[in-house]
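Report on one structure; see the data block that follows.
What follows draws every value from the coordinates through simple rules; no lab data is involved. No experiment lies behind these values; they were computed from the predicted model shown. Neighbour counts run over all protein chains shown; Cβ positions are idealised from the backbone, glycine included.
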Amino acid sequence: MRELRTLAIRVLPQPGESLDSWLEALARRSLTSLSALLDALGLPEVPARERTSRMLTSLPEGALRRLEQRVALPARQLDDAVLPIEIFGRRAPGWRFCPQCLHDGEGRWPALWWLPWAFACTKHHVLLHRVCPSCGREPRYFLPRAVHLHLPGHCMRRTGGRNVCGADLGSAPQLSLGHGHPIVQTQTEINSITLHPFTSADAVFAEVDRLLSALAGVLRPSGLRAMSPACRSAWESAFTDATDSQSALGSWRFHDRRVRVLTPEFLQREYTEGTKSLAVISRELGLPVAHVIRHTKSLGVHIFRGPRPPAFNDDWLREQYVTRKRTGPDIAQEFGTHTHAVHRRLEQLGIPRRAPGRCSSALIKNLDTSIPPDIRAAAEKTLHGWLRLHRFQISIFFPTLTSSAGYLGVQPGTLTMQLDQLECAVGTELFRRSVRHTPQSPTRRGVRLLRDLDRDDVQELIHTALGSKIEKIPDQDAINSAIATADGERGALTDLHARSQHGGRLHIPPPMLPLLRHLFTRTDQENCMAQIHATTGIPTNTIFKQLKRLEQAGWLTSRREPPAERPNGGRGRTYYSLTPPAIQAAGQHIQNH
């Protein structure tokens, strides 16, 4: 058996150094990218786009032993460079760093910086940073790639394309605590906790909670006031990560913080008089929204349901809505609020709401008896009846409801529902739906209704009701285009299966003719999609859709290329052949077109 080759250039890992830190230093020394180094070391278990923490916690032991052999390290020397995934519990590992340690160690860092309860550097007596001060994101979230092109200790978080942030993490501001600070002392005690592959997360967090509980008593509240604002913010973030929210300390932390921060003055400024919602406040403070709502209620602060109501002038609102007949959406747009906030205030003032739609009296009065009864049944006392009548008048110009819906700019289902409601109001069927390549057409009652809609007095009522939003009657070009589309690309294709009867009359959508002509010139051979595209230039997506339609209609048969016919073992092609019914029935038809 051939022995594993070792690297010619080697960099020894430092005591307690993280595995990703050592591999990055080895890649820089070899003048190669980290992904290329992983390939050379034979680590397929670590994809180049993987999160860095997965390498640290989920690398199989066999891969670790193989890595030690390839770089000629003593057996089990890399055990301290990785961390057991069991100690993290429900948490994902997150990386913190000490700027001074990165600067002094030339960009190499210990594995303990990945632990959720690592928040202070016991050597320099500072709090650890969580994010890059330049890009504001965690620098080590993803595995870096071209590390040999950048200096050690710099942020390798990608900012788009092949660019990285590149900020010097060693020059980040120091979050100094001072010698003998309680946080540093607690971190020293936490670092002494022994970790092994069988350590449970509950046991570790219980011990961390015990040590942090004693620390919380020292820092509350005078100890926190003595810290700088930057240190206080960093400590709150670190305390959140190091504390189990389900533990007694976690519950106390949330309670203590909301009592200190969510004061009546703060809520009056940010919530009652400001524009922030309780969800936004909870997100900014890092508190559960349920805790924030419960605490706000306990202080007697009014909780707003839905959008914040604006400070309306009631007399002005009454004049705009009642006297000037302005709509609710129009008033809401002027105030920059929601329509139902306006409607809610109108209800509180005892002002009855108008029917939906425009406020023209033409919409709410009873129509004259001179207006045809079908129009009165469909349009009296509502805007939507006029809209449905007008859309029926437009739709009947087109061959299908789909083409008329495209012209009107609505969904076909919406137009179908509106015309069904019109027929329900009138009490009878108004038009026959299109079937295959037969266009839709009005019934006798529909013809009479269309004739009534052309009357001058009815057209005047339609224009009054719909105003400037009235949809134009289509011109001949729009109608011709819709007819060509309905009879072409979306037109029906004659079914040539034995069970189907076509009586010798074939219907072939014109867009499919180029493909069929190509197939009929090669009736003695099979055709695949790549060959058809190379010969005809038809887009492959179009070829694929047309071949599937022809196969479903009985024009083609298909077969998958077996592995024995693949010269290079690649993906198998699908070959298509014309069926005998297609050759017999459609050959002359294709040539004539």
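What ranking do 469-475, 577-583, 314-320 get when scored by the average of other Cβ atoms within 10 Å per residue, highest first? Mind dumping the intermediate values first?
Values: 469-475: 11.9, 577-583: 17.4, 314-320: 13.7.
Peptide ranking by packing, descending: 577-583, 314-320, 469-475.
Among 384-396, 261-273, how do they line up by average Cβ neighbours within 10 Å per residue, starting with the highest? List each step's numbers first, then the result.
Details: 384-396: 21.1, 261-273: 14.7.
Listed from highest to lowest mean packing, they are 384-396, 261-273.
At 7 Å along the Cα-to-beta-carbon direction for both Q333 and E380, put a label point, then send me their distance in nm to one decimal.
Reported label-point gap for Q333 and E380 is 3.3 nm.
Mind computing the radius of gyration and Dmax over the alpha-carbon atoms of the range 368-486? Å is fine for both.
So, for the range 368-486, Rg and Dmax equal 13.8, 42 Å respectively.
Packing-wise, with mean Cβ within 10 Å as the measure, how do 148-154, 226-232 rank, highest first?
Numbers: 148-154: 16.9, 226-232: 14.6.
By packing density, highest mean first, the sequence is 148-154, 226-232.
Using r as the Cβ-Cβ distance of E207 and R344, and R0 as 51 Å, what FRET efficiency do you calculate, to the nearest 0.05? The partial results should precede the final answer.
Working: r = 54 Å, r/R0 = 1.06.
That pair, E207 with R344, gives E of 0.40.
In nm, to one decimal, how far is the E86 label point from the I193 one, both placed 7 Å along Cα→Cβ?
Taking the two extended label points, one gets 1.5 nm.
So what does the Cα-only Debye profile of the range 77-235 read at q = 0.18, 0.20 Å⁻¹, as log10 I(q)/I(0), no solvent term?
-1.21, -1.38
When every alpha-carbon pair in the range 101-140 is counted, what percent end up more than 10 Å apart?
On the way: 589 of 780 pairs.
It works out to 76 percent of all Cα pairs.
Along Cα→Cβ, 7 Å out, is where each label goes; now give me the distance between the ones at A478 and E319 in nm to one decimal.
Modelled inter-label distance: 4.1 nm.
If each residue of separation counts as 0.36 nm, what is the full-extension length gain between R433 and D495 once their alpha-carbon separation is subtracted?
Numbers: separation 62, 0.36 × 62 = 22.32 nm, distance 2.13 nm.
Result for the pair: 20.2 nm of gain on full extension.
By its C-alpha gyration tensor, with a ≥ b ≥ c as the square roots of the eigenvalues, how is the range 106-173 shaped: rounded for a/c under 1.5, else prolate for a/b larger than b/c, else oblate?
Details: a/c = 1.84, a/b = 1.82, b/c = 1.01.
Because a/c hits 1.5 or more and a/b exceeds b/c, the range 106-173 counts as prolate.
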